[in-house]
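The values are calculated or read from the model by the stated rules, or taken from the named source; none is laboratory data. Note that the structure is a prediction, hence the values are computed from the model and not measured. Note that each Cβ is placed from the backbone with ideal geometry, even for glycine, and that neighbours are counted across all protein chains shown.
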Amino acid sequence: MRLSIALRLDCTIDWVHVKYTNCGSLQVVTISIFMEVESTKDPVMVCSFIRYAIEETSCSQKIAWYAAGTKGVRPIPWTIANATNVLIENIKQTQSPLWHNFVTGCNNVTFNNINLHSIQSSGKQAQNTDGWDTYRSSNVKILNSVVINGDDCVSFKPNSTFITVENLSCTGSHGISVGSLGQYAGETDIVANVLAKNITMINSSNGARIKAWGGSNSPTSESGGGTGYVRNITFQDFTMINVDKPVIIDQCYSTSAEKCAQFPSQIEISDV
């Protein structure tokens, strides 16, 4: 696997395999990649092995990360931050503690031939194991990959633009998802110019999905009331196999029907 950014600073890693062993004192070994580019400094890349540990008092769940549900702090194995011109390919990640991949503040990032596999040993969903989350990033491509997880296959979070997702297989997923958007009052969230093409959804709760919070009358709300828009989103050539909601546009995400009727979403959706 090869990563490259500006000024030809690069880092080569052949394999990423996150494996969890033991129940009493769960040891986790992963590779963490952090990439940052600042306008006044040379690009910086740090490639390092990081050891995480989490205590588990019961072995009944076997995977302590997932047995804990949404409690506690779980690391994101692969974060690319403030980077330009990045290629990641031929990687396998298994049993990710949280989101597999997080792209934030980046431009021109490509993932190709990535295999993600994170489920509980019981076969139940592993919470918050998004395949990819993009945030404040543009020109991101996610290509030719397989995802087996328990949350969004790909999530385009606020201020993601010019994103392409093509030739993906997603099993156990919550969908190829725009959002969620509009959670925080006073914030403006946009997602625009997204293409998701040739996607296979298997045994999933959602397929093509847009999720926006309802509105709020509180200027400090953290549960809706933000503004913004969703524009020019294309979901093309989706194959749905045992999918509960093949297409869903939700402008009352995590918002009660009563509150949403009183304070409608401030996220405008068009050209979908």
Only one of these is at pLDDT 85 or above, among the hydroxyl-bearing types (Ser, Thr, Tyr) and part of a loop (DSSP other than H, G, I, E, B): Thr129, Thr134. Name it. Thr129
Among the residues of the range 213-241, the number that are over 22 Å from Ile199 (Cα atoms) and assigned to a strand (DSSP E or B) is 4
Residues of the range 61-107 that turn out to be among the aromatic types (Phe, Trp, Tyr) and modelled with pLDDT of 80 or more, as a count: 3
Going by what's in this entry, would Lys259 be described as farther than 27 Å from Gly172 by Cβ and among the basic types (Lys, Arg)? yes
Here is a list of conditions, (1) assigned to a strand (DSSP E or B); (2) surrounded by fewer than 21 Cβ atoms within 10 Å (Cβ to Cβ); (3) touching a residue at least 60 places away in the same chain (Cβ under 8 Å), and Thr164 meets all of them except one; can you say which number that is? (3)
Take the residues in the range 247-272 that are assigned to a loop (DSSP other than H, G, I, E, B) and not hydroxyl-bearing (Ser, Thr, Tyr), then tell me which one is surrounded by the fewest Cβ atoms within 10 Å (Cβ to Cβ). Asp271
Please state which one of Asp189, Asp244 is surrounded by 17 or more Cβ atoms within 10 Å (Cβ to Cβ), assigned to a strand (DSSP E or B) and within 21 Å of the chain's Cα centre (by Cα). Asp189
Being surrounded by fewer than 20 Cβ atoms within 10 Å (Cβ to Cβ) and at positive phi: is that true of Asn159 here? no
Could you list, in sequence order, all residues of the range 124-159 that are under 22 Å from Asn107 (Cβ atoms) and touching a residue at least 60 places away in the same chain (Cβ under 8 Å)? Pro158
Quickly run through the range 78-95 and pick out the residues that are within 22 Å of Ser138 (Cβ to Cβ), surrounded by fewer than 22 Cβ atoms within 10 Å (Cβ to Cβ) and under 16 Å from the mean Cα position of the chain (by Cα). Thr79, Ala81
Mind checking which residues of the range 217-241 are touching a helix residue (DSSP H, G or I) at 6+ places or on another chain (Cβ under 9 Å) and crowded, with 23+ Cβ neighbours inside 10 Å? Gly224
Going through the range 172-223 one residue at a time, which ones are among the polar types (S, T, N, Q) and either on the phi > 0 side of the Ramachandran plot or free of Cβ contacts under 8 Å to residues at least 24 places away in the same chain (or both)? Asn193, Asn198, Asn203
